[in-house]
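Below is one structure, written out as structure tokens; comments come after it.
The values are calculated or read from the model by the stated rules, or taken from the named source; none is laboratory data. Bear in mind the structure is a predicted one, so any value in this text is a computation, not a measurement. All Cβ positions, glycine included, derive from the backbone under ideal geometry; neighbour counts span all protein chains shown.
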Amino acid sequence: MPGSAADGYNAAIDIDFPAENHGLGKNHESGGTKMKKARTAVVLAAAASLLAFSVSAAEVKKGKTGEELFKQHCTMCHPDGGNIINAKKTLRGKDLKANNIKSAGDIVKVMRNPGPGMNKFDEKTLPDKEAKEIAEYVLKTFK
Ligand code: HEC
């Protein structure tokens, strides 16, 4: 019977073809899902770096004032120009004078080469310009 032979032939194709097609389709699908995930990740990463960039840009801008830098680096040990570790070495005029610290340059020297209990601020942490801004802030703020 030619009809049934053809049916058998078609059936064989039908069985083979969808199986292959199915396999391909699956690959395509999972590939597509991966692509979507990858794209989402890229978008998220871009958004995150944009956010990080705008935050750090704001920090740099704020960090330019001596006051902001002082709050960032010094306040924890010198709140209000005091000294939580050595009460005789506050940042107030009287103590500074008693310890022979007279100028912004002298304060920068302390930052570069501090006494016991104070951390060292090298050029990498505080470039000269920033160190000087802090020093000037200290001189004019704590009397
Ligand atoms: C971890 C705590 C700590 C931090 C942070 C710190 N200091 Fe000090 N600082 C001290 C201590 C302790 C001394 C006294 C050191 C000594 O015995 O000579 C001191 C002393 C000083 C003195 C000398 C004061 C005096 O009367 O002799 C100056 C000026 C000073 N610090 C400035 C700063 C500045 C500016 C910053 C921020 C950039 C800073 N310190 C951050 C702990 C700290």
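Could you list, ordered by first residue, the pairs with Cβ atoms under 6 Å in which the first is in region 89-100 and farther than 17 Å from Thr75 by Cα and the second is in a helix (DSSP H, G or I) and near the ligand (Cβ under 8 Å from one of its atoms), at least 6 apart or interchain?
Listed pairs, sorted by first residue: none to list.
Against the condition exposed (fewer than 14 other Cβ atoms within 10 Å of the Cβ) and either at pLDDT 95 or above or more than 9 Å from the ligand (Cβ to nearest atom) (or both), how does Asn83 come out, does it pass?
No: the conditions fail for Asn83.
Count, please, the residues in region 86-114 that happen to be near the ligand (Cβ under 6 Å from one of its atoms) and aliphatic (A, V, I, L, M).
So the count comes out to 6.
Hey, among Thr75, Thr90, which residue is more than 21 Å from Thr125 (Cβ to Cβ) and of a type in the set (Ser, Thr, Tyr)?
On inspection, the qualifying residue turns out to be Thr90.
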